[in-house]
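Report on the following structure.
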Amino acid sequence: MEALVRACAHEGWPAQVAAVIANRPDAAGLAFAASHGIAAQVVDHRAYPDRESFDAALAAAIDGYEADLVVLAGFMRVLTPGFVDRYAGRMLNVHPSLLPSFPGLHTHQQALDAGVRLHGVTVHFVTSQLDHGPVVVQAAVPVVDGDDAAALAARVLACEHVIYPRAVRWFVEGRLALDGLRVTLTPPEPQWLFSERLTGDAE
């Protein structure tokens with residue numbers, strides 16, 4: 001989220017971050033948002049009896065800011081199909097793997113256990129199927145001998161901070177179009193990134 005806020009300001013996107021909404025009162029992003037003059041709001045999931053009522057309250061909060069795009073960043077709640085449908089085509093998420101490989105949790109350990117030589121991160125439009133949806137952009141990193149989950153996660157996170165702001169910028173510039181499960185970018189540019197460096201720097 002911090003990378004998105006900074007990119008929006010530094011790159012002069014034709015948009016503004018309307019609000020940062022968290023489901024946990026102790027989320028660090030709330031203080032960051034407030035310090036940057038961005039509205040910060042908590043919709044605590046523990047105050048609601050079920051997912052449907054929480055999602056309804058979350059949708060009401062989002063709609064109160066008249067948001068054109070919903071960007072999930074570290075939001076670890078499974079959203080109901082009704083919520084997802086409400087923001088179809090205008091909600092993005094990032095997942096730390098090269099989807100459709102390794103959905104769910106502990107993706108870096110999953111990659112190590114599977115013995116793959118490439119791992120990475122995916123920005124995608126959200127659908128009701130968890131960790132699926134049309135892919136906007138992906139970044140790949142090498143898996144090297146001696147990696148553990150923490151080392152691999154750090155390498156992936158560096159790429160995430162590059163491609164997630166890029167994907168959001170493409171959306172706000174009106175350059176993304178959905179054609180079934182395929183996302184087209186106009187004018188075209190690479191919708192992938194490969195990092196050969198082992199330090200975490202993206203090339």
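Any read-out appearing in this document is the output of simple, stated calculations on the displayed coordinates, not a laboratory observation. Model, not experiment: these values are computed from the prediction. We place every Cβ from the backbone using ideal geometry, glycine too, and count neighbours over all the protein chains shown.
Annotations
- Computed [θ] at 222 nm, deg cm²/dmol, the chain (DSSP H ≥ 4; -39,500 (n - 2.57); rounded to nearest 500): -10500 deg cm²/dmol
- Spin-label proximity, L178 to segment 117-139 - amide N less than 17 Å from point 7 Å beyond Cα toward beta carbon: 123-137
- Relative contact order %, the chain, counting alpha carbon pairs below 8 Å whose residues are six or more apart: 16 percent
- Remark: R166, R51 ranked as R51, R166, counting other beta-carbon atoms within 10 Å and listing the fewest first.
- Distance between segment 108-138 and segment 28-62 - C-alpha centres, whole angstrom: 26 Å
- Annotation: extensible slack from E2 through V78 equals 25.1 nm (criterion: 0.36 nm per residue apart, minus Cα-Cα distance).
- Taking the C-alpha atoms only, the angle from helix 2-11 to the longest principal axis of the chain is near 90 degrees.
- By the count of other C-beta atoms within 10 Å, a proxy for reagent exposure, Y164, Y65 are ordered fewest to most as Y65, Y164.
- Fraction of beta bridges assigned by DSSP in segment 1-148 that are antiparallel (%, nearest 5): 65 percent
- ³J(HN,Hα) computed for each position of segment 33-42 - Karplus, 6.51 cos²θ - 1.76 cosθ + 1.60, integer Hz, glycine/proline x: 4, 4, 5, 10, x, 9, 4, 10, 9, 10
- Cα long-axis angle, helix 149-172 against the chain (0 to 90 degrees, to the nearest 10): 50 degrees
- Relative contact order (%) - criterion: Cα under 8 Å, at least six apart; region: segment 31-92: 28 percent
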